[in-house]
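Before any comments, here is the structure.
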Amino acid sequence: MKIRIQSYKITYTQAEKMFAINRIHAIFIVLMLFTSVNSIAQTEESGLSVIKTVCIDAGHGGKDPGCHGASSNEKTVCLNIALKLGAKIKSTFPGIKVVYTRDSDVFVELDDRAKIANKNKADLFICIHANSAAAGAFGAETYVLGLHRTESQQKIAERENSTIYLEADGGEKYKDFDLSPDALIARQLQLAIFLDQSISFASKLQGEFKKLGRYDRGVKQAGFLVLYKTTMPSVLIESGFLTNPEEERFLSDTLSQTKMADAMFVAFQKYKNELDGVDEMKGVKPTVPFVLQNPTPVVVNEPVVVVDDKVIFRVQIETSETKVALNSSRFKGVQVWEYQQDKLFKYTAGTFENDYEGATKFKNEMREKGFQYAFVVAFQNGERISLDKAIKLAK
């Protein structure tokens with residue numbers, strides 16, 4: 001028995017078919033979005049926070065240890081960070097309810113984790129994991145639900161999803177569960193109201209990890225079962241590689257776990273402030289960077305053009321493990337620029353100086369043109385920076 005996780009390659013013709021099939025879903029989403037915007041506006045007027053409940057999910061647990069290093073395992077690292085994050089949110093924002101999918105070393109089925117979040121009507125779902133790969137791999141990355149772009153992203157999703165085989169029925173209830181490209185696209189349409197918020201929070205997380213000195217592996221997409229089932233903005237954090245001896249020492253250390261939880265909390269508060277329309281930071285301590293002894297530099301290929309210190313917004317439309325000719329038919333006649341990050345070649349279009357709104361409109365145009373997962377990125381002095389920072393600088 002195996003979950004149907006097909007190759008995540010999809011033609012634009014298939015995507016167009018899915019969009020046509022889900023036209024009714026799209027209309028429903030617009031109505032939901034209108035209601036949501038009005039709700040947020042009313043909440044801001046009343047002075048209350050948009051976020052009332054946060055669900056924190058510590059990966060694995062009990063009979064499922066997750067991945068491991070020489071002396072530590074994923075379930076323990078994740079639980080420690082999760083409890084520290086929850087405690088920080090509770091103490092700083094007593095009015096926000098914090099729900100844990102587990103607060104001890106117990107096994108919780110993937111389906112139940114999502115049910116806990118949905119039953120409590122959580123406004124945000126934060127799933128915390130640790131990674132494994134070759135001993136030289138390092139850094140933190142954050143996922144939202146979507147189609148993976150690389151084989152490594154697919155493997156991470158498959159590893160985290162494999163928890164189902166430890167469940168009471170051996171994963172039987174998932175036997176007909178469809179994580180094919182078509183199914184993921186349909187699900188993304190249903191949850192489109194939350195996707196931008198998920199990406200926004202994920203970007204803030206990565207920005208804070210970077211400030212902490214962690215290597216920024218970026219915001220990515222993959223077909224995680226636990227994200228598929230939740231019905232609110234949701235992210236899955238891969239906090240680092242336990243298979244890297246130096247990162248294992250960092251993630252296993254109590255003080256370092258507190259630093260990671262603090263970084264997540266700062267990202268949470270920035271995300272909360274963004275929704276609430278305020279700019280007040282509470283309970284935030286200065287960060288002390290963690291530095292790997294032998295980091296691998298990120299090489300930016302053909303840096304994007306900048307004017308003085310202006311922020312340049314672009315729209316990323318493609319990512320590839322191999323170099324793609326800039327005049328390739330894959331880009332459908334769109335002029336693109338290439339940069340390299342996380343050993344991937346990334347392709348952007350459009351140039352918007354200090355103009356996030358213009359870039360956002362162009363992103364929508366690119367999606368209509370067939371680049372359905374296009375998103376806005378920002379650069380300054382030839383280097384990619386977080387959207388949160390870019391938007392503030394552009395103002």
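The values are calculated or read from the model by the stated rules, or taken from the named source; none is laboratory data. Everything numeric in this text was worked out from a predicted model, so none of it was measured. Every residue, glycine as well, gets a Cβ built from its backbone with ideal geometry; the counts of neighbours run over all protein chains shown.
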Pair list, Cβ < 6 Å and 6+ apart or interchain, from the range 210-226 residues that are within 20 Å of D196 (Cβ to Cβ) and at pLDDT 90 or above to residues that are surrounded by fewer than 19 Cβ atoms within 10 Å (Cβ to Cβ) and of a type in the set (S, T, Y): none
The lone exception for Q316 - which of (1) farther than 16 Å from F375 by Cα; (2) touching a residue at least 24 places away in the same chain (Cβ under 8 Å); (3) of a type in the set (S, T, N, Q) it fails: (1)
The lone exception for K173 - which of (1) at pLDDT below 90; (2) surrounded by fewer than 17 Cβ atoms within 10 Å (Cβ to Cβ); (3) under 30 Å from S256 (Cα atoms) it fails: (3)
From the options T287, T296, residue that is at pLDDT below 80, polar (S, T, N, Q) and in contact with a Leu (Cβ under 6 Å, 6 or more places away or on another chain): T287
Test: residue in the range 212-227 that is assigned to a helix (DSSP H, G or I), of a type outside the set (A, V, I, L, M) and under 25 Å from V108 (Cβ atoms): no
Residue in the range 334-341 that is among the charged types (D, E, K, R), part of a strand (DSSP E or B) and free of Cβ contacts under 8 Å to residues at least 40 places away in the same chain present: yes
